[in-house]
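A quick write-up on the structure given underneath.
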Amino acid sequence: FLLKKLGVEPLSDDFTFEYFKKKISKKSVSIKTILMDQSIIVGIGNIYANEILYKAKINPLRSGDSLNKDNIKSIIHATKFILKKSINVGGTSIKNHKQPDGKLGYFVQKLRVYGKANQNCKVCDKIICSTVINNRSTFFCNNCQK
């Protein structure tokens, strides 16, 4: 019964444009909040939400209902890209997380915005901003992410 409330798996064929558009089209909350809502998409945590929105060039403060067709497609593509890239290097080890085999995940070395407040954006060289959304640290480039 608990599984009935969970959203789609982001790497599955169920995570489509139609599905995502329907889920976000009437939501006035931030797109970052939506990405982390396990009843919409499962498994996207804070770090990945930051990185997905950076890759998609979408400001995390934008509301779901403000996104157009291209924005939605970009988020879906970025989600699949970031998650596959992370899986390929064993996930993200920030402090003490280890894989079942005891190895660290190396995606932390690939992070572009998460934890990079007051550092220069790798794309435009502007300063990475930080704020809090839903009690979670949020990092973004105000210049690259619209």
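The values are calculated or read from the model by the stated rules, or taken from the named source; none is laboratory data. Just so you know, these numbers come straight off a predicted model, no measurement behind them. Note that each Cβ is placed from the backbone with ideal geometry, even for glycine, and that neighbours are counted across all protein chains shown. Surface accessibility is based on the protein's heavy atoms, side chains included, excluding ligands, DNA and RNA. Shrake-Rupley method; radii C 1.70, N 1.55, O 1.52, S 1.80 Å.
Per-residue ellipticity at 222 nm for the chain, helices alone: DSSP H runs ≥ 4 residues times -39500 (n - 2.57), over residue total, nearest 500 deg cm²/dmol? Provide the component values of the computation, followed by the final result.
Values: 4 runs with 44 residues, N = 146.
Mean residue ellipticity, 222 nm, calculated: -9000 deg cm²/dmol.
Measuring with a 1.4 Å probe in the full set of protein chains, what accessible area per residue, in whole Å², belongs to the chain? Mind showing how you got there, number by number?
Details: 8550 Å² over 146 residues.
That works out to 59 Å² for each residue.
Suppose each label sits 7 Å from its Cα in the direction of the beta carbon; what would the ASN118-ASP70 distance come out to in nanometres?
Computed distance between label sites ASN118 and ASP70 equals 3.5 nm.
Of all the Cα-Cα pairs you can form in the chain, what percent are over 27 Å apart? Can you show the working numbers first?
Details: 2076 of 10585 pairs.
When all Cα pairs of the chain are counted, 20 percent exceed 27 Å.
Got a number for carbon plus sulfur as a percent of the chain's accessible area, 1.4 Å probe?
50
Run the simple label-point estimate for LYS146 and LYS26 please: 7 Å along Cα→C-beta, distance reported in nm.
The answer from the label model is 2.9 nm.
As a test question: what accessible area, to the nearest 10 Å², does CYS129 have when a 1.4 Å probe is rolled over all protein chains in place?
40
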